[in-house]
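The values are calculated or read from the model by the stated rules, or taken from the named source; none is laboratory data. Here the structure is a predicted model, which means the values were calculated and not measured. Counting neighbours? That spans all protein chains shown, and the Cβs are built from the backbone with ideal geometry, glycine included.
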Amino acid sequence: MKNKLMVIAVCLSMCASYVFSAKIAKVVVSESRGKVTVKINKSSGWIKCYPGMLLDENATIKTDSRSKATIILYDGSRISVNPKSELLLKTLTDGQKVLEQKSGKIRFKIAKLLQGRTFECKTPTAVCSIRGTDFTLDVNDNNETELKVFEGLVAAAKLDGTGGEFHVGASQKMSFVKDLPPNAPTSFSGDDNKDESNSRKEEMKLAVKAEINMDLSQEAVQQMAAQEMKLAQYQEGKTVIDVFGKRVRIEEYLVRGDEVGLQPNQVKLVVVNSRKDRFDWYQRVATFNDVVPADMKLATKWMDWTKGATLPSYYTVANDMGASNTVDNIKYGNAGGSIVAGVDDPWQLQYTNFYFKIKDSTMYNGAPLAPVRTVYPDKIEDVVPGFGSGMITTTFPDGDKMHSKQDTTFSGISYSEDYYSLDDYGKVPDSETYLKDPMKYNMEAVFKYDNFTGKDKKIDLCVAPKLFTSAGIK
Amino acid sequence: MLKRIVFFVVAVICFVLPLSASDITTVFNVKALLGQYAFEKESGSYNGNLNIDFVPAIKFSDKFSLLPAFYLGYNGVKDVTELVGGGTLVQQSADYNIALKPIINLSKNVKLRAKVGYMNQLFQETTDETWGKGLFDYNKVTAGADISHKNITAGYSCYTIVFPNYNTLAETETKEKYGSELSSSSVGKKILDFSASEISAYGKIYPLDSFVIDWSFGYNLKSFADQKVITEIVNVYKPENRADNSIAVSVFPSIALIPAGPVTLLGGLNVSMINYNSTQNHYNVKATSQDNPYTPKYYDYSETQIAPVVSCSFNTIPLKVDLSYQMGSRKYTERLAQDSAGTNLADKTKTDTNYLSLGLTYPLFEKMSLKMLVSQFNSVSNMKYEQVYRYNYTTSNYFVGVTYEY
């Protein structure tokens, strides 16, 4: 973060150097339709004009027939250049602005001027001093100028100074013809209102676009509030994608008390998986050596302890795990837990019993399993006397992908457990990708038994690997 | 029912009231883009985004106008800044928004606006999710008013967001299918739904020629009707429901420059800060075997964003280039970072983000422009437990398309 701030500071300094050496843009072209050209300065050639173009002093803008442009000065004044018109931005300083209209019809909406500042519009035959008004100047092919004021007051006079100065007010017009003295201002009506109507329509459109931008900005802020709720759900792991590309909702609960059939020295962890078309759950009841205190974490922090240098205040004397799809179930667990002197560590926890049940039928109940393992290139064989067929075979059905499958049989009926490591998109990585960062992956466990009668004859669970590891399954 | 009432009212306004209007001005904007999104080395398929804004503004007099507005959007390509950690590469979203906005010109410089609106956003995030059944689809009803004087606007709005397809499993499926083994008390059913009140103010300051400072301030209060507050004791909740509040401020000075040569620059620096507070706590069941699975004020954070923006126009060709870079840093005040195994660390969770965007606009015909946009987003965090959500990643997308403005 600090390095990036330094980079930004350097960039800003470079920009500041531009500020001191560069000119500040004073005019922006807000609209350009048809063939509109500009000269950046008196000596440059005509180039195509387009919206967003920035202009400065001595720039000239010209419109062809059926063309139109609108420019906005930095003080907020708006100038609409109608077809076949030409306007020179002669002087654009804070104290003085002078525009020269060579031909055509141009609508001026000038922002109110501060005291001491002047704004003049000149044509071949007239000069108008403005105080913050809305008016048009129309210069025809004979250089005759017609001034119409829609709002405010314009002080107008002939360019050669003859005939005196006139004050032309709202809804008044006045003409200036070369070699003839000007007549007094008169009222106007008729097709002039059409100009006014079109102009107001354009203004209304700009105002509506500004309202749209405001609305969309406000909507974006409110949508962010909804996004935050969704973010929390994903961050807390309450929804993931399984290996089949389907959404899995996960909720986890920790419960205690006789209300749910637990003893004072027991706590239960429940994980439920809900998909569009199925519901599976996993639970673990941990039985401790003593009553679990009101501050449960004093005991639960030892829930996964198996060995160490410190003698724990609490340890599990039994664990009862189960998984179900609401129709079928598997249950397994250990009992007879006690602390003994360890081999590699001063203390270790050992159990005297392990059991395994399918659909409430006991498949094994005896000493904890101590498999004898043989590793082959394409499989692993664990000999476990008394457990099912006596052999658990682990294979890798998807080659190098992180998917393993354990098979055995109970009285000739096949039982298997598939374990998938998944990324956020429900995809199974290959081993090389997985080994780069194993902790990035979630786990999906699928238990299948030929005698299951529930949906798809399987129990399908997306869980954090830690959950299965600490329970001793894998 | 509310949706039908709003539709009916807006339809009446659009078809009946114009008969008495003095003027109707229509704004119609369309943006159609084709693009692709990528997350790390995974790319989604090509898809498109479409946005339509339609506002037939009705002017009754110089003092009163009515703006019925219709906004439609479809995003087939995910935005780089959108929620990514949940792993939804294929997300599509669609939304429609209808609003009604009367505007009263109290004087030349003072405007009063009111607004009512209804919005529906739909998501299709997984292969088994269909339109209208997205888990995180939501509806929003908004009402508000603001008043502006010259360059300053102040307003109040309130809105309600409802997620119709989301219920906690504890209150629905789990009880039906798991049975009574769970405790009877739970954190609530419609826990994502909330109502909010917002006070806002924004404006522009013109300290120098061509130098503009945009600023904004917002204060937001949220209340959750069905989300109880978790305590340190399992299955025991506080009597009051969750309530959040946030303050957001931003400042955006910008200036237009013509340096030597044919290039004109519009530069600015957007600085914004958000402070978010919530009464909700968190008990991490996955961390049951750790010393501290309980975190108070779990959702509290402060966030700072700094975004330099440069826009270039070339005075010899009608090409506009927009370059923006945004740095953000969000720090949670109580939420502890975790190592890759999920063990709590001493530091609080902090996520730094970088967003870089380059856009080109070239006018094709009158009112129609060609647009190209390339964006990249990067997130780095001290939270290394990423089994359920990714905090460290890079995303990118690109678009080519056209815009039409009437």
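The sole residue among B:Ser357, B:Ser313 that is within 8 Å of chain A (Cβ to nearest Cβ) and assigned to a strand (DSSP E or B) is B:Ser313. Within region B:193-219, the set of residues being of a type in the set (A, V, I, L, M, F, W, C) and under 19 Å from B:Val309 (Cβ atoms) comprises B:Ile205, B:Leu208, B:Phe211, B:Val212, B:Ile213, B:Trp215. Within region B:332-348, the set of residues being closer than 23 Å to B:Ser246 by Cα and at the interface with chain A (Cβ under 10 Å from one of its Cβ atoms) comprises just one member, B:Arg335.
Being part of a strand (DSSP E or B) and crowded, with 19+ Cβ neighbours inside 10 Å is the filter here; which residues of region A:105-133 pass it?
Going through region A:105-133, the residues part of a strand (DSSP E or B) turn out to be A:105-109, A:118-122, A:126-130.
Once the filter is applied, which keeps residues that are part of a strand (DSSP E or B) and crowded, with 19+ Cβ neighbours inside 10 Å, region A:105-133 yields A:Lys105, A:Ile106, A:Arg107, A:Phe108, A:Lys109, A:Phe119, A:Cys121, A:Ala126, A:Val127, A:Cys128, A:Ile130.
Considering only residues in region A:27-75 that are assigned to a loop (DSSP other than H, G, I, E, B), under 39 Å from the mean Cα position of the chain (by Cα) and more than 7 Å from chain B (Cβ to nearest Cβ), the one that is nearest to A:Lys109 (Cα to Cα) turns out to be A:Asp75. Looking for something under 26 Å from the mean Cα position of the chain (by Cα), more than 7 Å from chain B (Cβ to nearest Cβ) and surrounded by 17 or more Cβ atoms within 10 Å (Cβ to Cβ) - is there at least one such residue anywhere in region A:198-212? Among the residues of region A:198-212, not one is under 26 Å from the mean Cα position of the chain (by Cα), more than 7 Å from chain B (Cβ to nearest Cβ) and surrounded by 17 or more Cβ atoms within 10 Å (Cβ to Cβ), which makes the answer no.
Within region B:94-133, the set of residues being among the hydroxyl-bearing types (Ser, Thr, Tyr) and over 25 Å from B:Ile58 (Cα atoms) comprises B:Thr126, B:Thr127, B:Thr130.
Yes or no, residue by residue, for (1) without any contact (Cβ under 8 Å) to a residue 24 or more places away in the chain; (2) closer than 24 Å to B:Lys348 by Cα; (3) in a strand (DSSP E or B); (4) in contact with an Asp or Glu (Cβ under 9 Å, 6 or more places away or on another chain):
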residue	(1), (2), (3), (4)
B:Glu232	no, yes, no, yes
B:Arg242	no, yes, yes, no
B:Val251	no, no, yes, yes
B:Gln280	no, yes, no, yes
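Is it true that A:Ile130 is hydrophobic (A, V, I, L, M, F, W, C) and outside the structural domain of A:Leu87 (by TED's automatic domain parsing)? Answer is no for this residue. Residues that are more than 9 Å from chain B (Cβ to nearest Cβ) number at least 3 in the following strands (runs of 3 or more DSSP E) confined to region A:227-313: A:279-288.
Within region B:142-149, at least one residue is buried (at least 19 other Cβ atoms within 10 Å of the Cβ), in contact (Cβ under 8 Å) with a residue 40 or more places away in the chain, under 28 Å from B:Ile199 (Cβ atoms) and among the small types (Gly, Ala, Ser).
Looking only at residues of region B:384-405 that are of a type outside the set (S, T, N, Q) and touching a helix residue (DSSP H, G or I) at 6+ places or on another chain (Cβ under 9 Å), we find that the one that is surrounded by the most Cβ atoms within 10 Å (Cβ to Cβ) is B:Tyr385.
Look at (1) within 13 Å of chain A (Cβ to nearest Cβ); (2) touching a Phe, Trp or Tyr at 6+ places or on another chain (Cβ under 9 Å); (3) over 19 Å from B:Asp79 (Cα atoms); (4) among the aromatic types (Phe, Trp, Tyr) and you find that B:Tyr362 fails only one, number (2).
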